[in-house]
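These notes are about the structure you will find just below.
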Amino acid sequence: MYGKMKEHLVSEIEQLHQQKLYKHERIIESAQGSEILVGRKWVMNFCANNYLGLSSHPDLIRAAHQEIDKRGYGLSSVRFICGTQDDHRLLEKKVSEFLGTDDTILFCSAFDANAAVFEPLFGKEDAIITDALNHASIIDGIRLSKAKRWIYNHPDMGNTESTDPKTGKTLKGLEKCLQEAQGCRFKVIATDGVFSMDGEVAKLDKICELAEQYDALVMLDDSHASGFMGENGRGTHEHFNVIDKIDIITTTFGKALGGASGGCISGRGEIVEWMRNKARPYLFSNTLAPAVVGGTLKCLEILSESNHLRDKLMSKAQIFRDAMTEAGFDIIEGIHPIVPIMFGKFENSSELAVKFASSMLEEGVYVIAFSFPVVPRGLDRIRVQISAGHSRKQIDLAVEAFIKVGKELKMI
């Protein structure tokens, strides 16, 4: 039975190799941090989601050990049977306080949270209006719902409609989609807070304004913002001062908030209560491991005491952005610690990006090239991610390496 499928897969995998699109995994032989051991060589890591440098923080490691000692290795159960410990509820309470929401429900990952959120809330009488660049987990979550769907052309907020000359597809602005969905029972606008490939911050103020005007809910995936965006690091809703206008927030504990795993849905109390009874990834998946709970609680404690890590991160991100712009690289403007170095204007851009990343590793800087299908064709890039754990010397050395390789490959 497997013969035909094996033959097909071998052929498809070979095509990925030929197209330089095969995803090779580099093996890390150390803990996560600003420096990691790869191939028995210590290199500076500039592509982790470790925004606040907490992934291997001694206080989080200690808290995780203590939680294992108190509450065990695992629960061997889903939440509603015998998988809810007091510290699970404590973490949900602390997340709600941090994000400024009514209540929170924990999941094994933010992907699970996004997979859970749409199907229980929105049926065939309802409308989901989603940004064209939203994360794959939002896309998959929406597919599970029977609601009507509109996709608005990123980042068009207007009452517009046009045709894409490349694809022939109809492109609509957010307000246009909302107008077309006015006959639906419930409407929800779904958006990333920060779009992970570009480091672009969603126009959340305008989204909330339109949601209020057209009586729609707002769902926000803030995975690349929770912990450091906004004055106190609460996220993009704090950054735009719309904390009270967001109905549903999904986010992860696997990036800035400790870097291990786990995620949540946070928001209106009734929505969270309904999720506890109807969200399938919650009802049919093991509960979050005690070590992750303990580490995340310690992370929130650290962030609640001081903005030091947040301020450090944003300052270093700006230093790197300014230096790379001055050096002549094509980067996407912004304020976020995701800094994409773009290759699209060069011939054979995907191959060039891969070659550039390999040369950077030889210079002691770990970065990864992103090509189709992770990003659209012709928008190949190296996505640099700055961390509060990076020293100023490491940032300067990384810029020097970029300049050296960029000149060798005739990019600058």
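Please treat every number below as a calculation from the coordinates, not as lab data. Predicted model, so just to flag it, every value in this text is computed and none were measured. Here the Cβ positions follow ideal geometry from the backbone for every residue, glycine too, while neighbour counts run over all protein chains shown.
Can you list the HN-Hα couplings for the stretch 92-100, worked out from phi with the Karplus curve (6.51, -1.76, 1.60; θ = phi - 60°), rounded to whole Hz and with x for Gly and Pro?
Result, ordered by residue: 4, 5, 5, 5, 4, 4, 5, 7, x Hz.
Straight-line reach from K20: which lysines have Cα under 17 Å away, leaving out those fewer than 8 places along the same chain?
Here the lysines satisfying the reach criterion relative to K20 are K355.
Which cross-chain or sequence-distant (5 or more) residues have an amide H under 5 Å from the amide H of D221, H modelled 1.01 Å from N in plane?
For D221, whose amide H was placed from the backbone, the distant partners under 5 Å are T191, D192, G193, T250.
For the stretch 1-83, which GluC sites (Glu not before Pro) pass both filters: DSSP loop (anything but H, G, I, E, B) and at most 16 other C-beta atoms within 10 Å?
Values: sites: E7, E12, E14, E25, E29, E35, E67; in loops: E25, E29.
Within the stretch 1-83, the qualifying GluC sites (Glu not before Pro) (loop, at most 16 other Cβ atoms within 10 Å) are E25, E29.
Can you put I248, I386 in order, fewest other beta carbons within 10 Å first?
I248, I386
Roughly how big is the chain's charge dipole about its Cα centre, with Cβ charges of +1 (Lys, Arg) and -1 (Asp, Glu), in debye to the nearest 20?
For this selection, approximately 920 debye.
How long is the gain from Q15 to H308 if the chain were fully straight, where each residue apart is worth 0.36 nm and the alpha carbon distance is subtracted?
Full-extension gain reported as 100.7 nm.
Residue by residue through the stretch 115-126, what is 3J(HN,Hα) from phi via Karplus (6.51 cos²θ - 1.76 cosθ + 1.60, θ = phi - 60°)? Round to whole Hz and write x for glycine and proline.
The phi angles translate into 5, 8, 6, 8, 4, x, 9, 10, x, 5, 8, 10 Hz.
Stretched out fully, how many nm does the piece from E97 to D215 gain, at 0.36 nm a residue minus the Cα gap? Don't skip to the answer; put the middle values down first.
Numbers: separation 118, 0.36 × 118 = 42.48 nm, distance 2.62 nm.
Full extension of this stretch gives 39.9 nm more.
List the lysines whose Cα lies under 17 Å from the Cα of K172, skipping any in the same chain that are fewer than 8 positions away.
Straight-distance partners of K172: K148, K187, K203, K206.
Most exposed first by the Cβ proxy, i.e. fewest other Cβ within 10 Å, how do S56, S371, S11 rank?
Listing S56, S371, S11 from fewest to most nearby Cβ atoms yields S11, S56, S371.
Using Cα centres only, tell me the gap between the stretch 38-70 and the stretch 194-236 in whole Å.
That distance is 27 Å.
Whose amide H sits under 5 Å from the amide H of Y152, counting only residues 5 or more places off or on another chain, with H placed in the peptide plane?
T130, D131, A132
Suppose only helical runs count, i.e. DSSP H with n ≥ 4. What mean residue ellipticity at 222 nm does that imply for the chain under -39500 (n - 2.57) per run, divided by all residues and rounded to the nearest 500 deg cm²/dmol?
Rounded to the nearest 500, it is -12500 deg cm²/dmol.
Highest mean first, what order results for 139-145, 336-342 on Cβ atoms within 10 Å?
336-342, 139-145
Please give, to one decimal in nm, the separation of the simple spin-label points placed at L37 and E161, each 7 Å out from Cα toward the Cβ.
According to this spin-label approximation, the distance is 6.1 nm.
Which loop-located GluC sites (Glu not before Pro) does the stretch 221-281 contain, where loop means any DSSP state but H, G, I, E or B and the Cβ has at most 12 other Cβ atoms within 10 Å?
Of the GluC sites (Glu not before Pro), the ones in loops of the stretch 221-281 whose Cβ has at most 12 other Cβ atoms within 10 Å are E231.
Can you give me the three principal axis dimensions of the stretch 305-412 from its C-alpha atoms, in Å, biggest first?
Cα extents, longest axis first: 48, 27, 22 Å.
Quick one: if you stick a label point 7 Å off each Cα along the C-beta vector at A327 and F372, how many nm between them?
2.8
Sequence-distant or interchain residues sharing an amide H contact under 5 Å with Y366, placed H: which?
Under 5 Å from the amide H of Y366: M44, N45, F46.
Once phi is turned into ³J(HN,Hα) by the Karplus curve 6.51 cos²θ - 1.76 cosθ + 1.60 with θ = phi - 60°, what whole-Hz value does each residue of the stretch 299-316 show in order, with x for glycine and proline?
Going residue by residue, I get 4, 5, 5, 4, 6, 6, 7, 7, 9, 4, 5, 4, 5, 4, 4, 5, 5, 5 Hz, with x marking Gly and Pro.
Distance between Cα centroids, the stretch 386-411 to the stretch 280-341: provide it in whole Å.
19
Among S76, S55, S359, what is the fewest-to-most ranking by other Cβ atoms within 10 Å?
Arranged by neighbour count, lowest to highest, S76, S55, S359 become S76, S359, S55.
Based only on Cα atoms, what mean projected area does the convex hull of the chain have, in nm²?
Reported value for the Cα convex hull: 22.1 nm².
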